[in-house]
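The values are calculated or read from the model by the stated rules, or taken from the named source; none is laboratory data. Everything numeric in this text was worked out from a predicted model, so none of it was measured. FYI the Cβ positions are ideal-geometry reconstructions off the backbone, even for glycines, and counts take in every protein chain you see. We work out accessible area using only protein heavy atoms, side chains counted, and drop any ligands, DNA or RNA first. Shrake-Rupley method; radii C 1.70, N 1.55, O 1.52, S 1.80 Å.
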Amino acid sequence: KQFIGFVNETTLFQDTILRLPNETLSPLIICNEEHRFIVAEQLRQINSKNNGIILEPVGKNTAPAIAISAFNLLSKKQDPIMLVLSADHLIGNLKMFHQSLNIASKIANKGKLVSLGIKPVKAETGYGYIEVKSSKDSESHKIISFTEKPNLNIAKKYLNSGNFYWNSGIFLFKASKYLNELKKYNPNIYDACKKSSARESKDQDFIRIDNQEFIKCPEKSIDYAVMENTNVGVVVPFNGNWSDIGSWDSLWESKSKDLDNNIIEGDILINKVKNSYIYS
């Protein structure tokens, strides 16, 4: 998902690459096969080196995508801390973001599966929530449960309780640890991804997996396939600005408005218009 040029001159995917900490290794990208040339061109535009672009024949949600990436890294005799990022996030205060990643990386190095949690500032119904066992003396909190987008009444209860975070979809863990937990709780996903990865081939920067094996893989998010089941899942809070630009509302909220609360971009004439996003 991306609104090209809407937030700034670069795409949200390019922003995701550009905000990586300096010490991060070259990113490993996973995308749909149909998007391969768009991804390669956008990486070229920002002069970004990469660790390969893995091509999925179909989308199977995040648990298989991360598994395929983890198998690829292990096949290179690497077992790094994986920083899992989506391509459609808007993040403010990079210094604070990098500080949270440093904390999360140290915890992940001890064998934990870490999710970056965003402290809710309103009763938002467009985000998933993570319930945690709060500990004021700790840099991380044990995960109790995940909830998909709740209704407004439930979102208000979550906000008032103080024990819930927005689910950012940003994760850190060792590649091997993630695969071990996936094998424990969803062996069918693990097996399908292992077979797909075992027969991968390379075409320049593009990495092709065994499509027939991958198509058999169940479709499941990392939240439900692993994080909700594991005993080693924790949340590290990130208190900076964050938004999943997944709707026009969230895009409108992310930008500065004029005196009538409008966002106007392009050659536009308006009359008696308020509270609108207008793009031409």
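Set side by side, the residues 15, 79 differ, and just one is acidic (Asp, Glu) and in contact with a helix residue (DSSP H, G or I) (Cβ under 8 Å, 6 or more places away or on another chain), which is 79. Listed by position, the strands (runs of 3 or more DSSP E) enclosed by the stretch 125-199 that each have at least 1 residues that are open to solvent by 60 Å² or more (accessible area, probe 1.4 Å) and free of Cβ contacts under 8 Å to residues at least 60 places away in the same chain are 129-133, 141-147. Exactly one residue among 180, 163 is at pLDDT 95 or above and closer than 25 Å to residue 108 by Cβ, and that residue is 180.
Is it the case, given these coordinates, that residue 33 is more than 26 Å from residue 177 (Cα to Cα), at pLDDT 95 or above and open to solvent by 20 Å² or more (accessible area, probe 1.4 Å)? Full working, then the answer.
Values: more than 26 Å from residue 177 (Cα to Cα): yes; at pLDDT 95 or above: yes; open to solvent by 20 Å² or more (accessible area, probe 1.4 Å): yes.
The answer is yes for residue 33.
The residues of the stretch 229-259 that are open to solvent by 70 Å² or more (accessible area, probe 1.4 Å) and in contact with a Ser or Thr (Cβ under 9 Å, 6 or more places away or on another chain), listed by number, are 239, 241, 253. Scanning the stretch 267-279 for residues that are more than 15 Å from residue 255 (Cα to Cα) and exposed (fewer than 11 other Cβ atoms within 10 Å of the Cβ) yields 267, 269, 271, 272. Residue 75 falls short on exactly one of the conditions (1) at negative phi; (2) open to solvent by less than 40 Å² (accessible area, probe 1.4 Å); (3) in contact (Cβ under 8 Å) with a residue 40 or more places away in the chain, and that condition is (2).
Selection within the stretch 46-61: residues that are under 23 Å from residue 97 (Cβ atoms) and either among the charged types (D, E, K, R) or in contact with a helix residue (DSSP H, G or I) (Cβ under 7 Å, 6 or more places away or on another chain) (or both). The member of this set that is most open to solvent (accessible area, probe 1.4 Å) is 49.
Please verify whether residue 105 is over 15 Å from the mean Cα position of the chain (by Cα) and under 17 Å from residue 168 (Cβ atoms), treating the condition exactly as stated.
Criteria met by residue 105.
Entry remark, the stretch 223-244: residues being in contact with a helix residue (DSSP H, G or I) (Cβ under 6 Å, 6 or more places away or on another chain) and under 27 Å from residue 136 (Cα atoms) number 8 in total. Residues in the stretch 250-273 that are within 33 Å of the chain's Cα centre (by Cα) and basic (Lys, Arg): 255, 257.
Restricting 138, 145, 86 to those that are closer than 19 Å to residue 19 by Cα, modelled with pLDDT under 95 and of a type in the set (Ser, Thr, Tyr) reduces the list to 86.
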